[in-house]
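Engineer: Before I ask anything, let me first share the structure, which is written out below as structure tokens.
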Amino acid sequence: MAKRAIRIYPDPVLRVRCPEVEVFDENLRRLADDMVETMHAAPGVGLAAPQVGFELRLCVVDTSVGKDPEALHVLVNPRLRSAEGSELDFEGCLSIPGLTEKVKRPKSIRVVARDLDGQELELCSEDFEARALCHEIDHLDGILFIDHIHGLRRDRVRRQLKRLTRTPTAAAV
């Protein structure tokens, strides 16, 4: 396993709608392992392939941040099958360091995906895990959490993003 560099906003790969994975091989497994290591080292609760520079529908989510192996989900070609309820809570993103904002997300979801062997799986989730899964699936469609912010809060976020993209540390990462 190897830790990968996380792409930082406004890297164009973060806005790509990723194609589906068609080949389930050792390269996909290695990338997934690297993404898990990168996510835990950050530390974060989710990471999508575009965030490490790969245009693939692959994401990893672990709301335990490495403390509970059962909490780790590696999802290939995930799709949101259903969503219920809604809640407004803070989100951040490893690709937009230093910025958090309230985002409305479903309270509970059902996701269908494939595992690393290509076998179909279904995952029902709620609350924080549902939020994390929605966030990562959005990444696979080139959508960032900031795209869900509206009104005066969006104006404030735009100003913050301008400051972030002008800082030498944001450009160097």
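Engineer: In terms of modelled amide H atoms, which long-range or inter-chain residues lie less than 5 Å from the amide H of Arg7?
Structural biologist: Close amide H contacts, sequence-distant or interchain: Val52, Gly53.
Engineer: For region 50-58, what does the Karplus curve 6.51 cos²θ - 1.76 cosθ + 1.60, with θ = phi - 60°, yield as ³J(HN,Hα) per residue in whole Hz, taken in order and with x for Gly and Pro?
Structural biologist: The phi angles translate into x, 5, 10, x, 10, 8, 9, 7, 9 Hz.
Engineer: In percent, what relative contact order does region 74-145 have, based on Cα pairs under 8 Å that are 6 or more apart in sequence?
Structural biologist: Reported relative contact order: 32 percent.
Engineer: While we're looking at this one, here's another question. How high is the relative contact order of the chain, given as a whole-number percent (alpha carbon pairs under 8 Å, six or more residues apart)?
Structural biologist: 24 percent
Engineer: For the chain, what number of Lys pairs, 8 or more residues apart or on separate chains, have alpha-carbon atoms under 24 Å from each other?
Structural biologist: Lysine pairs satisfying the spacing and distance rule in the chain number 4.
Engineer: Enter the accessible area per residue of the chain (Å², integer; probe 1.4 Å; all protein chains in place).
Structural biologist: That works out to 53 Å² per residue.
Engineer: Any chance you could run the full-extension gain for Met1 through Arg81? It's 0.36 nm times the residue separation minus the Cα-Cα distance, nm to one decimal.
Structural biologist: Values: separation 80, 0.36 × 80 = 28.80 nm, distance 3.16 nm.
Separation in residues times 0.36 nm, less the Cα-Cα distance, equals 25.6 nm.
Engineer: Express the carbon and sulfur contribution to the solvent-accessible surface of the chain as a percent, rounded to the nearest whole number, probe 1.4 angstrom.
Structural biologist: Details: 4570 of 9110 Å².
Ligands and nucleic acids excluded, carbon and sulfur reach 50 percent.
Engineer: Still on this structure: Among Leu88, Leu144, Leu116, determine the one that fluctuates most according to a GNM of the chain built with springs between C-alpha atoms less than 10 Å apart.
Structural biologist: Residue with maximal mean-square fluctuation among Leu88, Leu144, Leu116: Leu88.
Engineer: Set the Förster distance to 25 Å, then compute FRET efficiency between Arg159 and Val13 from the Cβ-Cβ distance, nearest 0.05. If you can, show how the numbers build up before the last one.
Structural biologist: Numbers: r = 24 Å, r/R0 = 0.96.
That gives a FRET efficiency of 0.55.
The values are calculated or read from the model by the stated rules, or taken from the named source; none is laboratory data. All values derive from a computational prediction rather than experimental measurement. All Cβ positions, even for glycine, are placed from backbone atoms using ideal geometry, and neighbour counts span all protein chains on display. Heads up: the accessible areas ignore ligands, DNA and RNA and are worked out on the full protein's heavy atoms, side chains in. Shrake-Rupley method; radii C 1.70, N 1.55, O 1.52, S 1.80 Å.
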